[in-house]
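The values are calculated or read from the model by the stated rules, or taken from the named source; none is laboratory data. Model, not experiment: these values are computed from the prediction. As a convention, Cβ positions derive from the backbone with ideal geometry for all residues, glycine included, and neighbour counts pool all protein chains shown.
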Amino acid sequence: MSEEMTAYDAETAPVRPGEDLDWPRVEAYLRAELPELTGEFSVLQFPHGSANLTYRIRFGDTPLVLRRPPFGQLAPGAHDMRREHKALSRLWRAYPRAPRALLFCDDHSVAGADFLVMEYRPGIVVWDAVPESMAAFLDAGHRIGLAVIDALADLHRVDPSACGLGDLGRPDGFLARQVAGWRKRWDLAATEDSDPTAAELGERLAASLPESGPPAVLHNDFKIDNCQFAPDDPDTVVSVFDWDMATLGDPLVDLGTLLNYWPDPEFGDAGALAELRLSRLGLPSRQEVVDRYAARSERSVRDIDWYEAYGCFKTLVILQQLYARHLRGETTDERMARRGAHISVLAERGMSRLGLPTTLPTKGLQ
């Protein structure tokens, strides 16, 4: 049932052991719900994601994307396929970079959990090097970075009510709820070897909440590897992925998250994407990120240091959840075993953004 690998499948791979679904049942369900689908059914997996399970399925010449939560114990409110479907079934009209969701299923007898199916978009994801197809462009890495910033700013200019997403979240009290929620998730995922600085960062964030500006549609995990480009165009993000945490709230949360994944002169590439060495890309400086976002979104970026510290805390909690899943034997993805090594760096980096003392040497983990 798996497909033969071709150049067309550069971002896909055979399904990892232990992560196959009941494909005959899935196929039968989708043929019944989407009768326009014809042709032979086949499956590959997008292997780079580290949380939700994402598959490229095909019916004949029609590729689609199927997403479901990971196996095992899930944190409360995480991996929300219903939320992602709601966002993507509406947002594409106002924000063309959002793929269109086609179907949501909450019958767990089909795939073992909630799942959604959306349109497939061809393209490339930029990791730690400028793709060969863009190498001839002058300052390609810098232009890739600018395109990512523009994609974020454009999202925050969307009127939520105009695209039917006025009820996607509750903006009032958003930051307080978010910090409290991530602190609770940390407590649930913490292990005996967890760094106490991480819990302290959560406490410090809760005690120093900034005043939020006008709310916007948030992606809530906006980063460079959730963006897709046409192979020969470094200036335009054509798609943005992974909307399962989308909501309405303070848009600077997204900017802080993006900065959290951006190369840092003080801490180097250490953090959630340390393996990717994003500093190799030649991205815009962190100040350029903030300035360009402010100009394009027409939003204030005051207190951006708090938002980046929050991004560090949220990311380290996600890493801890992935690391805990590995310790519980709930994943065969060996990358999860390495996630724990970066949590202390993120905690120290967040404390630094709040102007508090840190103990790790600069450049973090290399």
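Could you check the stretch 116-151 and list, in sequence order, the residues that are without any contact (Cβ under 8 Å) to a residue 60 or more places away in the chain and closer than 23 Å to GLU84 by Cβ?
Once the filter is applied, which keeps residues that are without any contact (Cβ under 8 Å) to a residue 60 or more places away in the chain and closer than 23 Å to GLU84 by Cβ, the stretch 116-151 yields LEU116, MET118, GLU119.
Of all residue pairs spaced 6 or more apart or on separate chains, those with beta-carbon atoms under 7 Å, a first member in the stretch 200-221 that is farther than 21 Å from SER352 by Cα and a second member that is of a type in the set (Phe, Trp, Tyr) and buried (at least 17 other Cβ atoms within 10 Å of the Cβ) are SER212/PHE174; HIS219/TRP243. From the list GLY39, GLY18, the lone residue that is more than 30 Å from LEU188 (Cβ to Cβ) and modelled with pLDDT of 90 or more is GLY39. Taking the conditions (1) modelled with pLDDT under 95; (2) charged (D, E, K, R); (3) in a loop (DSSP other than H, G, I, E, B) in turn, GLU275 satisfies each one other than (3). For the structure I just gave you, tell me whether ARG349 is part of a helix (DSSP H, G or I), in contact with a strand residue (DSSP E or B) (Cβ under 9 Å, 6 or more places away or on another chain), modelled with pLDDT of 90 or more and in the same structural domain as LEU188 (by TED's automatic domain parsing). Yes. Of the candidates ALA111, ALA87, ALA51, the single residue that is small (Gly, Ala, Ser), under 30 Å from HIS326 (Cβ atoms), at pLDDT below 95 and buried (at least 16 other Cβ atoms within 10 Å of the Cβ) is ALA51.
Can we say PRO17 is exposed (fewer than 13 other Cβ atoms within 10 Å of the Cβ) and either out of contact with any Phe, Trp or Tyr (no Cβ under 6 Å at 6 or more places or on another chain) or charged (D, E, K, R) (or both)? Criteria met by PRO17.
Restricting to the stretch 297-310, give me the number of residues that are part of a helix (DSSP H, G or I) and under 12 Å from ASP250 (Cβ atoms). Number satisfying all stated conditions: 4.
Residues in the stretch 303-332 that are on the phi > 0 side of the Ramachandran plot and at pLDDT 95 or above: ASP303 alone.
Between VAL179, VAL217, which is touching a strand residue (DSSP E or B) at 6+ places or on another chain (Cβ under 9 Å), among the β-branched types (Val, Ile, Thr), crowded, with 18+ Cβ neighbours inside 10 Å and at pLDDT 95 or above? After applying the criteria, what remains is VAL217.
Determine if the stretch 132-145 includes at least one residue that is of a type in the set (Lys, Arg), in the same structural domain as VAL317 (by TED's automatic domain parsing) and under 27 Å from ALA295 (Cβ atoms).
Yes, there is a match, as at least one residue in the stretch 132-145 is of a type in the set (Lys, Arg), in the same structural domain as VAL317 (by TED's automatic domain parsing) and under 27 Å from ALA295 (Cβ atoms).
Close contacts from the stretch 279-304, counting a first residue that is free of Cβ contacts under 8 Å to residues at least 60 places away in the same chain and a second that is of a type in the set (Val, Ile, Thr) and assigned to a loop (DSSP other than H, G, I, E, B), with Cβ to Cβ under 9 Å and a gap of 6+ residues or different chains, come to VAL290/VAL301; ASP291/VAL301; ALA294/VAL301.
The residue list ALA162, ALA153 contains one member that is assigned to a helix (DSSP H, G or I), small (Gly, Ala, Ser) and in contact with a helix residue (DSSP H, G or I) (Cβ under 7 Å, 6 or more places away or on another chain), which is ALA153. In the stretch 152-169, the residues that are touching a residue at least 12 places away in the same chain (Cβ under 8 Å) and assigned by TED's automatic domain parsing to the domain that holds TRP262 form Cβ pairs under 8 Å with partners that are outside any helix (DSSP H, G or I) and among the acidic types (Asp, Glu), at six or more places apart or across chains, as follows: ARG157/GLU298. Just checking, how many residues over the stretch 170-199 are outside any helix (DSSP H, G or I) and in contact (Cβ under 8 Å) with a residue 40 or more places away in the chain? Residues flagged as outside any helix (DSSP H, G or I) and in contact (Cβ under 8 Å) with a residue 40 or more places away in the chain within the stretch 170-199 amount to 7. Selection of the stretch 86-115 for residues being polar (S, T, N, Q) and in contact (Cβ under 8 Å) with a residue 24 or more places away in the chain yields only SER109.
Could you check VAL130 against (1) in a loop (DSSP other than H, G, I, E, B); (2) farther than 25 Å from GLN45 by Cβ; (3) modelled with pLDDT of 95 or more; (4) under 23 Å from the mean Cα position of the chain (by Cα) and say which number it fails? Against the list (1) in a loop (DSSP other than H, G, I, E, B); (2) farther than 25 Å from GLN45 by Cβ; (3) modelled with pLDDT of 95 or more; (4) under 23 Å from the mean Cα position of the chain (by Cα), VAL130 comes up short only on (3). For the stretch 224-231, check the following and say yes or no: at least one residue is among the hydrophobic types (A, V, I, L, M, F, W, C), more than 25 Å from LEU168 (Cβ to Cβ) and assigned to a loop (DSSP other than H, G, I, E, B). Looking for residues that are among the hydrophobic types (A, V, I, L, M, F, W, C), more than 25 Å from LEU168 (Cβ to Cβ) and assigned to a loop (DSSP other than H, G, I, E, B), one finds at least one in the stretch 224-231, hence yes. The requirement of being among the aliphatic types (A, V, I, L, M), modelled with pLDDT under 70 and within 29 Å of ASP20 (Cβ to Cβ) is fulfilled nowhere in the stretch 354-364; no residue meets it.
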